[in-house]
Amino acid sequence: MNRRLPAEWEPQDGVLLAWPHADSDWRDNLTEVVPVFVRIAAAVSRFERLAIVAPDIAPVREQLGAAGVDLARTALFPMATNDTWTRDFGPITVLEPQGPVLLDFGFNAWGLKFAADLDNQITANLARLGAFGRCARRIPGLILEGGSIESDGNGTILTTAACLLSPNRNPHLDRQGIEQALCSQLGASRLLWLENGYLAGDDTDAHIDTLARFCSENAIAYVRCDDPDDEHFAALAAMEAELRAFRTQDGEPYRLIPLPWPDACRRCDGHRLPATYANFLIVNGAVLVPTYGVPQDAAALAALDRAFPGREIVGIDCRPLIAQHGSLHCVTMQFPRGVLP
């Protein structure tokens, strides 16, 4: 098939962000979370362009300008949004002979958990405003979030059964039907399914980008829990065994890169939050890594430095983001080269 889903480390044009605002779930902690988005925007703009959607772009422009973000490399689009998780409602871009094609999958807020009526229209609204130049937009007719799939750029998709087989996403399709649909839409030749692994406090039904990520065609970084008393220990050990059993397209075992297990992050009411170092973002020349103000941050940065030789490793404090059960990768969606005009 003359279609493929590029790996995240391939050349990019830019990154999409949706700005937090008072009518989103961030209403009670905007003071804490807006600086996180500013730091992400500033880091991305060092390496590539930004596209930002917000109901009111004037304060966003002011916040970015005050932080020294290059506004000449930033496109701001006024539009209504429910929330900020662009990884899951933004377009998934495949490459075809005629150029990039934006796949506008349906977004129903992780299986009908929250409101998504505005976010589900963002890709269409951006296309209408000319954000993607002449790139084609296609509607596959499936529910799919970007955080639920990982591509090695060469036909392999890594995913989790808990998410893709959730009855509130595509109940008309069984596992075989999901495989056939995704292989067709994404130009993949195979799916690798993880049956185990989760994070307490996660709303996504175990998105792969919280658990295991391709670092190259033959390397996978993954979260490993080394505390037998932690509730995650058994499930993540079983996930690790699955990863060890997977084989590359050439029949070789993957090089596995364990990521540290951060100290438990909790709300004041004791509710555990889904802190994970697997939620990093790869951009041109760099990897942006979430940190949480815990002792394991330094080891996580070092592990990803070894996983991505030649790229700058940029740590960004994302502790405020996990208050709403997501992290750095969840609030970003990259555009491969050729998408932005």
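Bear in mind that the values in this text are calculations on the coordinates, not laboratory data. Because the structure is predicted, anything quoted here is derived from the model rather than measured. Cβ: placed from backbone, ideal geometry, glycine included. Neighbour counts: every protein chain shown.
Summary of computed values
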quantity: Rg over Rh, two decimals, the range 52-164 (C-alpha only, Kirkwood Rh); calculated: 1.00
quantity: Quarter of the Cα convex hull surface for the chain, i.e. its orientation-mean projected area (nm²); calculated: 16.1
quantity: Highest-fluctuation residue, SER184, SER216, SER148 considered, GNM on the chain with Cα pairs under 10 Å; calculated: SER184
quantity: Estimated vicinal HN-Hα couplings, Hz - the range 229-243 in sequence order (Karplus 6.51, -1.76, 1.60; Gly, Pro = x); calculated: 8, 7, 4, 7, 3, 5, 5, 6, 5, 5, 5, 4, 5, 5, 4
quantity: For the range 74-116 versus the range 159-216, the gap between their alpha-carbon centres in whole angstrom; calculated: 17
quantity: Estimated distance in nm for a label pair at ALA298 and ALA72, the labels positioned 7 Å out from Cα along Cα-to-Cβ; calculated: 3.9
quantity: Theoretical ellipticity at 222 nm over the chain - DSSP helices of four or more residues, -39500 (n - 2.57) apiece, nearest 500; calculated: -6500 deg cm²/dmol
quantity: Where labels lie 7 Å past Cα in the beta-carbon direction, separation of ASP23 and ASN168 in nm; calculated: 2.4
quantity: In nm, spacing of pseudo-spin labels at ARG244 and ALA124 (7 Å Cα→C-beta vector); calculated: 4.8
quantity: Relative contact order of the chain, defined on C-alpha pairs under 8 angstrom at six or more residues apart (%); calculated: 21
quantity: Max mean-square fluctuation residue, GNM over the chain, Cα-Cα springs under 10 Å, options ARG267, ARG255, ARG138; calculated: ARG267
quantity: 5 angstrom amide H check on ASN170, placed H, neighbours 5+ away; calculated: none
quantity: Added length on full extension, which subtracts the Cα-Cα distance from 0.36 nm per residue, ARG255 to ARG190; calculated: 21.5 nm
quantity: Karplus-derived 3J(HN,Hα), 6.51/-1.76/1.60, for each residue of the range 194-207, Hz, glycine and proline x; calculated: 8, 8, 10, x, 6, 10, 4, x, 7, 8, 9, 6, 6, 4
